[in-house]
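Asks: The structure follows.
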Amino acid sequence: MSDAVVDPPATAEVPTPMQRDRATTIYERSVPGRRAAAIPASGVPGGDVPIDELIPSRLLRDEPARLPEVSEPEIVRHYNRLSRRNFDLDSGIYPLGSCTMKHNPRINERVAALPGHARLHPAQDPARAQGALELMWSLERSLSEICGLPHVSLQPSAGSHGELAGLLLTRAFHEANGDAGTRTRVLTPDTAHGTNPASVTMAGYEVVKVATNEDGGVDLDDLRAKTDERVACLMLTNPNTLGLFDRNIAEITGIVREAGGTLYYDGANLNAIMGHSRPGDMGFDIVHVNLHKSFSQPHGGGGPGAGPIAVSERIEPYLPVPRIERVEAGSANGSNGDAPHVRFELRGAEDHPASIGRLRGFQGNFGVFVRSYAYILSLGGDGLAEASETAVLNANYLLARMSEGRAGRYLPIAFDRRPMHEFVLSGSEAKKQLDIKTLDIAKRLLDHNMHPPTVYFPLLVDEALMIEPTETETRESLDGFADAVEAILAEAEQDPEIARQAPYTTPVRRLDEAGAARNPVVRQDLG
Amino acid sequence: MATEESYPEDLRYHPEHDWARIEGDQATFGITWYAQDSLGDVVFFDPPEVGATIAKDEPYTEVESVKAVSDVIAPLSGEILEVNDEAGTNPELINTDPYGQGWMVKVKLTDTSEVEALLDADGYRELIAE
């Protein structure tokens, strides 16, 4: 049974205590001289020498840094207060399409917090960080198997960074073939994630959009018309942002491969297919994997992240350095039956002269690798396949629920095909018949203590709602979401103004998004 | 935010939701009521360069709303004579007055016969009703 549903208020004349409490920054809590800790005396031999005599004067600030001066309880209360004003996956359903907001298993945190993992210094001598390198190498092997591509680099630090890496690899590949100068275009479908065209532009390529057919897949005629010797790469996500697996995927990759382009798979939707189908088998050369989506690393306010890439043999020579290599020593003369001695090494440009070079400092966000490797090991191959099955089942169950009643009438599915892990509804009928927009429905969901789905994306769907429940949600939770949307639509039939003015119960009411974008205030005047 | 839905009879329309007000061999361009309504609140408009050449059916500038960044398609070919800097400073004009103060560029047309291919108000209303 779901929790007892308390009807959210239809109006809010009286602000809630949280709404009355004006948000403050830590700087506004600052009082001169207040401290959270007492700094001990210098431990440098000689004892009572003032710190500014131990540090060269050219390295000292002229004026103290402007840091907030607060006590420890004040710090704790400040951040605890902020956390209570947040909505997160630990608070309720979070069906944000294309973001795969799945549960972050607590065992991952326990493993990542082990001192050998958590206190590892990024500049540690590789000979003394063999366990860490082995973990990274093992994670690379796991991702290779999942993606169906032989080689992996963990260097990119986000999905978008993986995309940029993929385009740099594409250029290196074409340069080696001598036609980088004429291959200037990258094809992306009009359903692509916004990062795809952004990465293309950043890498100095020209974006060419490919149309979507009636089936919600790539329009093959349009793809053929736009594929020629000027094409450097096709970037695609499959299933795409409509949640639909492209039925023509082998033909699509074949067309571009034949014309000499590389094939890039945006792994944002990998949660739909783990253990069932592999981008490498579909014909892709380069795949990025969002460890914070498919592999349960927390999505944390912009970082730390990881967007490893897996690549085919023809792309392998150009992979970023350093690369982790597993070296077996003493195996040839194993006459005494000892197991071969294995060590892990970081190999640089001297061993990989065609490499595009280093993409970031040190070895990436190691804690992210630990969490994702723990996730992969704790589920195993069968478990990952089942996670994908459950994610697809949950999406289809929720779609079936939302095809009935008022949701079916006012929020029809955009492309009527069986989706994978997410689906896209159009709010166009709700807008026409009830005079409420998708944004109003999203805001009213907040009063039901639910995170709204992704809205207004993909762009080709009018008033889009993109819903991805993930394998995390129970049947009761999915029913609760469908019931909440039904209640919002029923309420709008009576009085659309309720949704238009929502939310009522959140720490702040409806935000002026246009005003914030037109006149952003990004500095705080501290007097 | 915006005015009532309308498609003035004295304008010509491009299927990508742009309008053109033709005056001899010159024209003023902007986006339609339907376009600004679909975009939502426009938060950024960067007027293109005066003197730039633009081609019919090709993007000549971008508008950004709270939802997305969108290309603005040229309904006709020509050279930009004047741009609406006021709409660059106050992009909400594109929402509140799409056919008036929310205009985008004035253009010297290279081929006035291109006008034949544009829709009239009735034709455009039919297109968006589909």
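Throughout, read-outs are computed from the coordinates displayed, never taken from laboratory work. None of these values were measured; they are calculated from a predicted model. Using ideal geometry, Cβ is built from the backbone for each residue, glycine included, and neighbour counts are taken over all protein chains shown.
Asks: Which ordering of A:His341, A:His151 is given by a fewest-first count of other beta-carbon atoms within 10 Å?
Replies: Values: A:His341 10, A:His151 16.
Neighbour counts put them in this order, fewest first: A:His341, A:His151.
Asks: Now for a separate question. Averaging the inverse of every distinct alpha carbon separation and then flipping it gives the Kirkwood radius. What is it for chain A, in angstrom units?
Replies: Taking the inverse mean of 1/r over all distinct Cα pairs, chain A comes out at 26.1 Å.
Asks: Report, ordered by chain and residue number, the aspartates and glutamates lying within cross-link reach of A:Lys293, taken as a straight Cα distance under 13 Å and ignoring same-chain residues fewer than 8 apart.
Replies: A:Asp266, A:Glu468, A:Glu471
Asks: Excluding residues fewer than 8 places away in the same chain, name every one of the lysines whose C-alpha is closer than 24 Å to that of A:Lys226.
Replies: A:Lys209, B:Lys56
Asks: Then there is this: How do B:Leu81, A:Leu234 line up, fewest other C-beta atoms within 10 Å first? Display every interim value, and only then the final one.
Replies: Numbers: B:Leu81 14, A:Leu234 29.
Going from sparsest to densest Cβ surroundings: B:Leu81, A:Leu234.
Asks: To make sure I understand, if each residue's beta carbon is the centre and we count other beta carbons within 10 Å, what order do A:Glu422, A:Glu491, B:Glu130 fall in, fewest to most? Spell out each step's value before the answer.
Replies: Numbers: A:Glu422 33, A:Glu491 19, B:Glu130 4.
Least to most surrounded, the residues fall as B:Glu130, A:Glu491, A:Glu422.
Asks: For chain B, what relative contact order do you get, as a whole percent, if you take Cα pairs closer than 8 Å and at least 6 residues apart?
Replies: Numbers: 285 pairs, mean separation 40.7, N = 130.
Once normalised by length, the contact order is 31 percent.
Asks: Run the helix sum for chain A: -39,500 (n - 2.57) per DSSP H stretch of 4+ residues, divided by residue count, reported at 222 nm to the nearest 500 deg cm²/dmol.
Replies: Value at 222 nm, helices only, nearest 500: -10500 deg cm²/dmol.
Asks: Starting at 0 and stepping by 5 Å, how many percent of the alpha carbon pairs of the stretch A:138-238 end up in each bin?
Replies: Bins of 5 Å from zero give 3, 12, 20, 21, 19, 16, 8, 2, 0 percent of pairs.
Asks: Over the Cα atoms of the stretch B:73-126, what Rg and Dmax result, in angstrom?
Replies: Calculated on Cα positions, Rg and Dmax stand at 13.1, 34 Å.
Asks: Assign unit charges at the C-beta atoms only (+1 for Lys and Arg, -1 for Asp and Glu), then state the dipole size of the stretch A:381-517 relative to its Cα centre in Debye, rounded to the nearest 20.
Replies: Details: 14 positive and 25 negative charges, 82 e Å.
The dipole of the stretch A:381-517 has a size of about 400 debye.
Asks: Also, quick follow-up: When the convex hull of the Cα atoms of the stretch A:461-515 is projected onto a plane and the area is averaged over all directions, what value comes out in nm²? Please list the in-between numbers first.
Replies: On the way: hull surface 23.4 nm².
If I average the Cα hull's projected area over directions, I get 5.8 nm².
Asks: Of all DSSP beta bridges located in chain A, what percent are antiparallel, nearest 5? Before the final figure, lay out the partial values.
Replies: Working: 22 of 37 bridges.
Here the share of antiparallel DSSP bridges comes out near 60 percent.
Asks: Could you give the size of the charge dipole of chain A about its Cα centre, using +1 on the Cβ of each K and R and -1 on the Cβ of each D and E, expressed in debye and rounded to the nearest 20?
Replies: Working: 53 positive and 72 negative charges, 251 e Å.
Roughly 1200 debye for chain A.
Asks: Here's something else I'd like to know. Taking a cut-off of 19 Å between Cα atoms, list the lysines near A:Lys431, but don't count ones fewer than 8 places away on the same chain.
Replies: The reachable lysines, counting only those whose Cα sits under 19 Å from A:Lys431, are A:Lys443, B:Lys67.
Asks: Sticking with this one: Seen from all sides and averaged, what is the projected area of the convex hull of the Cα atoms in the stretch A:381-501, in nm²? Could you put the intermediate results ahead of the total?
Replies: Details: hull surface 29.0 nm².
Approximately 7.2 nm², given one-decimal rounding.
Asks: Have a look at the stretch A:1-132 and give its Rg and Dmax from the Cα atoms, expressed in angstrom.
Replies: 23.7, 70
Asks: A further question follows. How big is D for the stretch B:1-116, in µm² s⁻¹ as a whole number, if Stokes-Einstein is applied with the Kirkwood radius of its Cα pairs at 4 °C and 1.567 mPa s?
Replies: Roughly 94 µm²/s, to the nearest whole number.
Asks: Right, here's the next one. Which FRET efficiency value, to the nearest 0.05, do you get for B:Glu130 and B:Arg21 by plugging their Cβ-Cβ distance into 1/(1 + (r/R0)^6) with R0 = 25 Å? Mind showing how you got there, number by number?
Replies: Values: r = 25 Å, r/R0 = 0.99.
It comes to 0.50.
Asks: If you don't mind, another one. For A:Arg358 and A:Asp525, calculate 0.36 nm times their separation in residues minus their Cα-Cα distance, and state this gained length in nm to one decimal. Before the final figure, lay out the partial values.
Replies: Working: separation 167, 0.36 × 167 = 60.12 nm, distance 3.94 nm.
Result: 56.2 nm gained on full extension.
Asks: Just the projected area, averaged over all directions, of the convex hull on the alpha carbon atoms of the stretch A:24-84: how many nm²? All intermediate terms of the calculation are to be shown ahead of the outcome.
Replies: Numbers: hull surface 22.9 nm².
If you wrap the Cα atoms of the stretch A:24-84 in a convex hull and average its projections, you get 5.7 nm².
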